[in-house]
2 protein chains.
Amino acid sequence: MRRYLILAPGQFADDAKTAHGVIRYGSDETVAVVDPALAGKTVREVLPHLPCSAPIVSSVAAGLQYGPTSLLIGTAPIGGKLPAHWRAEVIAALRAGLEVVSGLHDMLADDPEFAAAAFEHNAPIWDVRKPPDVPLFSGAVYGVKQPTLLAVGNDCSVGKMTVVLELARAAADRGRRAEFVPTGQTGIMIAGWGVSIDRVIADFAPGATEQLVLEAAARNPEYIFVEGQGSINHPAYAPVTLALLFGAAPDALLLVADVKRTAIGGFNTPVLPYRELISLYETLCATVKPARVAGLALNTYGLPDDRARYEIERARNETALPADDIVRFGAHALYDAIAPQLHRRRPLAEPPA
Amino acid sequence: MRRYLILAPGQFADDAKTAHGVIRYGSDETVAVVDPALAGKTVREVLPHLPCSAPIVSSVAAGLQYGPTSLLIGTAPIGGKLPAHWRAEVIAALRAGLEVVSGLHDMLADDPEFAAAAFEHNAPIWDVRKPPDVPLFSGAVYGVKQPTLLAVGNDCSVGKMTVVLELARAAADRGRRAEFVPTGQTGIMIAGWGVSIDRVIADFAPGATEQLVLEAAARNPEYIFVEGQGSINHPAYAPVTLALLFGAAPDALLLVADVKRTAIGGFNTPVLPYRELISLYETLCATVKPARVAGLALNTYGLPDDRARYEIERARNETALPADDIVRFGAHALYDAIAPQLHRRRPLAEPPA
């Protein structure tokens with residue numbers, strides 16, 4: 001078991017989804033967070049929804065008293081680059097012999113200064129996003145017996161991983177074992193396995209996804225719940241979305257939508273209305289292996305309850321599908337609504353050649 | 001200028017599209033081809049459509065008498081791996097001081113034996129598929145002024161590169177300069193620049209495509225013609241197709257379709273009918289930047305002329321779009337049919353934020 005010191009200077013409250021995910025869902029303990037802007041508070045004081053009383057400190061040096069085993073890079077900045085002013089803190093952690101766990105695109109172990117410090121102080125570096133060698137997509141996933149659900153989105157960073165984890169917990173509460181398939185760095189840190197599909201060479205991204213689903217199937221769960229990435233009309237990340245859509249060969253989709261988004265994050269590209277988005281995902285699946293959207297998990301974060309309820313009603317009306325905000329209202333209702341559809345959707349074999 | 005010895009043992013006649021493309025469209029000379037099964041013949045005797053009288057020889061050693069400067073790996077096997085029995089021939093070339101040019105997924109320069117031989121004999125290795133560091137997609141491509149045409153397909157290996165090169169020649173014949181944008185290994189070998197988009201990390205594939213179009217635009221051509229890859233319903237390669245579709249931000253699409261395909265190569269996934277395929281490509285473009293299919297370039301290779309004419313008529317009837325087989329009947333008619341549509345399609349700027 002790791003004891004995490006989480007590095008998120010200036011960003012812990014607002015822009016540290018990796019940190020929040022690991023604190024909320026990971027099995028490893030967080031002993032302290034580094035963010036000088038919030039030093040002196042606790043995690044729970046800053047983010048009441050996180051079940052964690054760890055202190056927030058001003059530096060790695062100040063966090064060492066809490067006995068961490070590992071420094072976790074707590075954010076996933078656009079492009080995956082390590083901010084220059086964080087380097088000194090990473091070096092401090094390595095010099096203290098801490099393992100450094102990073103989900104950045106930049107491979108810290110390939111950085112000469114980090115590599116030298118890691119070697120000198122016998123401190124391991126785990127670059128979570130470093131992809132393994134994977135084969136091309138083969139179609140073996142079409143033989144998976146367990147009903148497979150894939151989260152798709154109306155944008156990046158809308159809560160796809162959270163929704164899949166909460167639904168897996170709801171399944172467990174109902175006595176069903178759903179295997180969570182991590183496809184991004186935070187999911188990998190939480191589950192301790194997986195592949196960051198966005199980091200795989202484009203030709204091999206569906207193959208990497210297929211391997212993950214096969215690995216999950218080999219553990220013999222009742223369901224397979226695959227973390228989604230991006231959105232099908234994201235100008236930069238849609239290829240990763242499509243790699244998951246074809247590589248996981250799901251039997252059903254769950255549309256995760258932040259109701260507040262009007263444009264794709266960082267671009268002026270409009271976010272698609274639910275029905276258009278559902279049609280696009282289903283049309284693409286139909287060309288390879290049919291899968292329908294079984295329900296909508298809405299992200300209404302920051303809205304008052306009555307507005308959230310209105311948005312849920314609106315989604316139900318527009319789509320005639322189950323819809324809920326499972327973070328606000330709990331995951332059981334949505335799980336119960338979509339589970340029968342999972343039972344009905346048996347994986348389709350490929351047609352005879 | 002290079003003088004190529006092309007390595008394609010046992011595969012030159014049937015399965016060496018890299019070799020055929022470089023011989024047909026490249027500005028470098030091919031002095032000999034290595035294929036023991038065809039040794040003693042000339043290229044033209046085996047493949048009458050190729051404008052090349054180079055001899056076919058049994059080994060690299062036998063080809064050295066023709067004064068090559070470079071050994072070209074002449075095929076692109078599935079998965080991009082170098083067949084084991086070709087290794088000795090690559091070593092022979094390096095020991096003779098030849099440059100080795102490879103479009104394989106395997107980076108030959110990273111192979112310890114090849115790297116050692118290259119170093120010892122001062123023989124360079126050009127791994128064409130090795131991607132440069134590229135930024136994420138930014139949207140800068142939306143500011144490109146030149147009308148941009150992207151080839152899309154009904155499958156892999158249907159002739160997208162050939163069609164784009166032939167149309168660029170037809171444009172030149174009409175006094176218009178169209179810049180060819182290479183996105184795969186053969187195109188790069190022919191044009192001497194470009195990026196093999198299938199080899200780029202998935203998150204960066206649209207950004208890499210955007211950089212190529214910006215580079216082409218900076219040369220100030222009248223049109224930009226982008227080589228396509230894969231097909232939007234290819235289970236393994238569709239993410240690359242989508243990276244080009246969003247990353248190149250084309251103003252018009254050209255659908256390249258092998259009329260004989262019924263299933264995606266290597267899979268049982270059905271090839272989509274023209275109208276369904278056109279609708280899917282146009283629907284995806286419409287979510288980011290609208291582009292319509294301007295015409296169809298059909299691959300009727302191997303069919304008798306009357307059957308080819310029937311297939312062209314069928315495509316015109318089904319789609320109400322210009323259609324032709326430009327390899328069989330010449331590129332000018334199709335170019336003339338689509339060029340006015342290119343003029344009409346000015347690049348769209350992003351809407352105000």
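The values are calculated or read from the model by the stated rules, or taken from the named source; none is laboratory data. Note that the structure is a prediction, hence the values are computed from the model and not measured. Neighbour counts run over all protein chains shown; Cβ positions are idealised from the backbone, glycine included.
Quick notes on this one:
- In the stretch A:212-244, the residues that are in contact with a helix residue (DSSP H, G or I) (Cβ under 6 Å, 6 or more places away or on another chain), part of a helix (DSSP H, G or I) and either within 18 Å of A:Val158 (Cβ to Cβ) or facing chain B (nearest Cβ under 9 Å) (or both): A:Ala238, A:Pro239, A:Val240, A:Leu242, A:Ala243, A:Leu244
- Within the stretch A:105-125, the set of residues being buried (at least 18 other Cβ atoms within 10 Å of the Cβ) and in contact with an Asp or Glu (Cβ under 8 Å, 6 or more places away or on another chain) comprises A:His105, A:Leu108, A:Ala123, A:Ile125.
- Yes/no for B:Asp28 being in contact with a Phe, Trp or Tyr (Cβ under 7 Å, 6 or more places away or on another chain), acidic (Asp, Glu) and more than 14 Å from chain A (Cβ to nearest Cβ): yes
- Sole exception among (1) within 30 Å of B:Ala315 (Cβ to Cβ); (2) in contact with a Gly (Cβ under 6 Å, 6 or more places away or on another chain); (3) free of Cβ contacts under 8 Å to residues at least 40 places away in the same chain for B:Asp155, by number: (3)
- Near pairs, Cβ below 8 angstrom, 6+ apart or cross-chain, from the stretch A:186-207 (within 14 Å of chain B (Cβ to nearest Cβ)) to any residue that is assigned to a helix (DSSP H, G or I) and polar (S, T, N, Q): A:Val195/A:Thr209; A:Val195/A:Gln211; A:Ser196/A:Gln185; A:Ile197/A:Thr209
- Contacts under 7 angstrom Cβ, first residue in the stretch B:121-139 being more than 14 Å from chain A (Cβ to nearest Cβ), partner in a strand (DSSP E or B) and among the acidic types (Asp, Glu), 6 or more apart: B:Ala123/B:Glu99; B:Pro124/B:Glu99; B:Trp126/B:Glu99
- Of all residues in the stretch B:84-94, at least one satisfies being within 29 Å of B:Gly302 (Cβ to Cβ), in contact (Cβ under 8 Å) with a residue 60 or more places away in the chain and more than 18 Å from the chain's Cα centre (by Cα).
Listed here are the residues, each with its yes/no results for (1) touching an Asp or Glu at 6+ places or on another chain (Cβ under 8 Å); (2) farther than 17 Å from B:Asp127 by Cα; (3) surrounded by 22 or more Cβ atoms within 10 Å (Cβ to Cβ).
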site: B:Ala19; (1), (2), (3): no, no, yes
site: B:Ile23; (1), (2), (3): no, yes, yes
site: B:Ala32; (1), (2), (3): no, yes, yes
site: B:Pro36; (1), (2), (3): no, yes, no
site: B:Ala39; (1), (2), (3): no, yes, no
site: B:Ile56; (1), (2), (3): yes, yes, yes
site: B:Ala62; (1), (2), (3): no, yes, no
site: B:Pro68; (1), (2), (3): no, yes, yes
site: B:Ile73; (1), (2), (3): no, no, yes
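- Selection count, the stretch B:280-308, where residues are away from chain A (no Cβ under 14 Å) and either surrounded by 21 or more Cβ atoms within 10 Å (Cβ to Cβ) or closer than 19 Å to B:Glu166 by Cβ (or both): 13
- Leading residue by the ranking (surrounded by the fewest Cβ atoms within 10 Å (Cβ to Cβ)) among those in the stretch B:162-175 that are free of Cβ contacts under 8 Å to residues at least 60 places away in the same chain and either assigned to a strand (DSSP E or B) or out of contact with any Phe, Trp or Tyr (no Cβ under 7 Å at 6 or more places or on another chain) (or both): B:Gly175
- Selection count where residues are part of a helix (DSSP H, G or I) and either aromatic (Phe, Trp, Tyr) or in contact with a strand residue (DSSP E or B) (Cβ under 6 Å, 6 or more places away or on another chain) (or both), scope the stretch B:245-272: 1
- When A:Gln211, A:Gln229 are checked against the criterion of being under 18 Å from the mean Cα position of the chain (by Cα), modelled with pLDDT of 95 or more, farther than 23 Å from A:Gly295 by Cβ and of a type outside the set (Gly, Ala, Ser), A:Gln211 stands alone in meeting it.
- Hits in the stretch B:309-341 (condition: among the hydroxyl-bearing types (Ser, Thr, Tyr) and surrounded by 16 or more Cβ atoms within 10 Å (Cβ to Cβ)): B:Thr319, B:Tyr335
- Filtered residues of the stretch A:245-279 (kept if at the interface with chain B (Cβ under 8 Å from one of its Cβ atoms), among the aromatic types (Phe, Trp, Tyr) and in contact with a helix residue (DSSP H, G or I) (Cβ under 8 Å, 6 or more places away or on another chain)): A:Phe246
- Condition met for B:Val141 (out of contact with any strand residue (DSSP E or B) (no Cβ under 7 Å at 6 or more places or on another chain) and under 30 Å from A:Ala236 (Cα atoms)): yes
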